[in-house]
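See structure below.
The values are calculated or read from the model by the stated rules, or taken from the named source; none is laboratory data. These figures come from a predicted structure and were not determined experimentally. Backbone-built Cβ (ideal geometry, glycine too); neighbour counts: all protein chains shown. Please note that ligands, DNA and RNA were not included when accessible areas were found on the heavy atoms of the full protein model with its side chains. Shrake-Rupley method; radii C 1.70, N 1.55, O 1.52, S 1.80 Å.
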Amino acid sequence: MDRQRIVEGDIVGDTVNLSSCGKSIGVLNDADKDAQNRGILFYAQWTGWYSFIAAVYLSLFAVAYWLAFVFRYDFNFRDVGLLTCYKTIGWIICLKSAIFFYHRHFHSCWLNATFKEFLFLCKSAIYSSVAIFIMSHYVFNVKIPRTIPVMDCIFTIALIGGIRFGWRLFREEIRPRLSKTKRLKTLLLGSDMQLAELAHDLRDRSELGYQIVGFLSLSEQDVGQQYGHIPVIGTVDQIERVLLRYSIQEVLTCPGILNGDYLRHVLMICQKHKAHLRIVPPIETRLGNSSIPMRDIRIEDLLKRDPNNLDNTIIERMLTDRIILVTGAGGSIGSEICRQIIKFCPKKLIVLGRGENRIFFLEKELQQSGFSGELVTVIADVTRESRIEQVMSEHRPQVIFHAAAHKHVPLMESNISEAVYNNIKGTKTLADLADKYQVSTFVQISTDKAVNPTSVMGATKHLAERYVHALASISKTKYIVTRFGNVLGSTGSVVQIFRKQIAQGGPITVTDRRMTRYFMTIPEASQLVLQAAAMGAGGEIFVMDMGEPVKVVDLAKDLIRLSGLPENAIEIHETGIRPGEKLYEELYFNSEKAIRTSHEKLRCASHRRFDWEAVRGQVDELLSLVNEPDHVIQIKLCEFIEEYKPEIRNLQKSQNAENNDMTFTKETKELRKAG
């Protein structure tokens, strides 16, 4: 077989296929690949930039050594002492090169000279001086004056350090001033180390085109200080004055520095003065990036509260090296719970859902995240008892997060039997099997719509809550309920609808301008679900701190502004409350009390006890009616849940609101009169 035919073989991956002889050379193993890559990399480095760096270092070593002799002999170039310099300079350069190569100075990037690299330079220069003294007196027996190694060390540090830091000074200070490229006057909000690092990065990369004017601090005590020679020129409260005084074009901040309300205020001021407000991710997410990723403000930023402080110790105790099952894993909450769980290294994670496409993409995402445990995907309907028992019997989960449910309020009003069967039958099936297979912890994901429900969806979720609580009184399994409001960015979220309507030029449709909702982000809700599950002893309802309710019409206005449009650029139309909807959501029943817990964002709702036999009988009776007309099922729901008052509660709330004039703005009244 000749060489030419091998070279011309088809290369597929790491295999060379020789079609002419029907054979193939085997795939290279990892060791061969590494050796080959190292050889190619070494050759590429030393035939390019690194060979130039080495040449510069060798020249500087020679100059430093020569200068040491010149200064030692008072610039007398005819002195016999200089002959010693010329006789020894060859092996001195080789010696210093070996020491500096060992400390990888030839591999360092000259674009970023840091204080740490300066310390390494000093260290290598001192080692070189000691080595010169030892080699000259005990190896080569050449009498080099004792001051020469010391002076050589000083000149080596001065020459190499001067060139490296001089280049950095040129890049950061001189070249930007000489450049004709117009740079954006930029203001940084905050004055912590995270923003100081950002300022350093932006100043170091003049090609990005940012001119850092200064910081605005959250504290007056910081005003007048400097971070890396960049001054703190005021507080965030003074942003409007600073924008005008310095003609600021870009305003940058990092996540979590400003809370949602403050960020909304800053955004409105920036838009008023045509300054672009942007978010820069934390430094740990920028590691390895050649650029500095930035993004515009999102609606999540405006609603964001303080970050969750999780008790990772008890969460690890619950999840690490254990078998976890998540139902509804393809949904917004279920999938995020899976993402949070894998951080705690479970032994096995079972993701169960009915939608094959979502489970498929979630599986790929979790695999690419580096999850080292066993990942099992299950396509199943939680209402199919035989299928769920098969999963329980095969995998024996120790912790279950039950997120599978129908959640669309108006849609379930016209599909009552399906809402009852999926939300109640699915919970009953899973909760019963959790007891049968002695699952350690069962977590039911509930909703604020289960409180004083006016919708079928809310009523079914409340009955599911009851069933889980009643079962907790007779089972060794810890049954825990987590209750929270709307999450931003979920499938079918009002935010997604508003964004589409804005993209189409409007109008934005809201059901009622008085309507308010509790909102939180999907990661925040999922983290608190894990925290509640780890804290619970069984039988609790954990209610998340949702902050203040947000007017849906204000949310729409925020989205318009975030789209870069004036608030009045898109019309907002009122369409009327849809079936099952409430004007105001509630987190507690009137009979419940909010009890503080060890976590600042979780409350425990003290609820009345439900008799197991009574609740089981109600659930069985309701499930026996799923093939009956919808009105029959709804009547039975009203009978079992005294708080379930479809449409009546909204009427009462509306009358109270109008009588007290609590939520009617002048604009709303004028719109109603015009209508």
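Structural remarks
Residue-by-condition table, conditions (1) open to solvent by 40 Å² or more (accessible area, probe 1.4 Å); (2) at pLDDT 85 or above; (3) within 42 Å of the chain's Cα centre (by Cα):
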{"residue": "N568", "(1), (2), (3)": "yes, no, yes"}
{"residue": "P579", "(1), (2), (3)": "yes, yes, yes"}
{"residue": "E585", "(1), (2), (3)": "no, yes, yes"}
{"residue": "E613", "(1), (2), (3)": "yes, yes, no"}
{"residue": "V619", "(1), (2), (3)": "no, yes, yes"}
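A quick yes/no check of all residues on (1) under 19 Å from G489 (Cα atoms); (2) at pLDDT 95 or above; (3) part of a loop (DSSP other than H, G, I, E, B):
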residue	(1), (2), (3)
V326	no, yes, no
A329	yes, no, yes
L349	no, yes, no
R358	yes, no, no
Q367	no, no, no
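- Filter result for V409 (touching a strand residue (DSSP E or B) at 6+ places or on another chain (Cβ under 9 Å), surrounded by 15 or more Cβ atoms within 10 Å (Cβ to Cβ) and either on the phi < 0 side of the Ramachandran plot or among the hydrophobic types (A, V, I, L, M, F, W, C) (or both)): no
Listed here are the residues, each with its yes/no results for (1) modelled with pLDDT under 75; (2) loosely packed, with under 12 Cβ neighbours inside 10 Å; (3) over 38 Å from the mean Cα position of the chain (by Cα).
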{"position": "R72", "(1), (2), (3)": "no, no, yes"}
{"position": "L82", "(1), (2), (3)": "yes, no, yes"}
{"position": "W91", "(1), (2), (3)": "no, no, yes"}
{"position": "H107", "(1), (2), (3)": "yes, yes, no"}
{"position": "E117", "(1), (2), (3)": "no, no, no"}
{"position": "S128", "(1), (2), (3)": "no, no, yes"}
{"position": "A131", "(1), (2), (3)": "no, no, yes"}
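- Test for L362: is it of a type outside the set (D, E), assigned to a helix (DSSP H, G or I) and over 25 Å from R483 (Cα atoms): no
- Cross-chain or 6+ apart pairs with Cβ under 6 Å, segment 256-284 first and within 20 Å of G547 (Cα to Cα), then open to solvent by less than 50 Å² (accessible area, probe 1.4 Å) and modelled with pLDDT under 80: I257/G190; G260/L302; G260/L303; L263/D301; L263/L302; R264/L302
- Scope segment 391-432; condition basic (K, R) and either assigned to a loop (DSSP other than H, G, I, E, B) or over 16 Å from L625 (Cα atoms) (or both); matching residues: R396, K407
- Residue among D237, D261 that alone is modelled with pLDDT of 70 or more and farther than 21 Å from E567 by Cα: D237
- Single residue of segment 133-164 satisfying the filter (open to solvent by 80 Å² or more (accessible area, probe 1.4 Å) and of a type in the set (F, W, Y)) that is nearest to A55 (Cα to Cα): F140
- Among the residues listed as Y467, Y479, the single one being touching a residue at least 60 places away in the same chain (Cβ under 8 Å) and not in a helix (DSSP H, G or I): Y479
- In this structure, V376 qualifies as farther than 19 Å from I445 by Cβ, touching a strand residue (DSSP E or B) at 6+ places or on another chain (Cβ under 6 Å) and part of a strand (DSSP E or B).
- With respect to the conditions (1) open to solvent by 40 Å² or more (accessible area, probe 1.4 Å); (2) closer than 28 Å to M546 by Cα, S372 falls short on a single one, namely (2).
- Test: M546 is touching a residue at least 24 places away in the same chain (Cβ under 8 Å) and part of a strand (DSSP E or B): no
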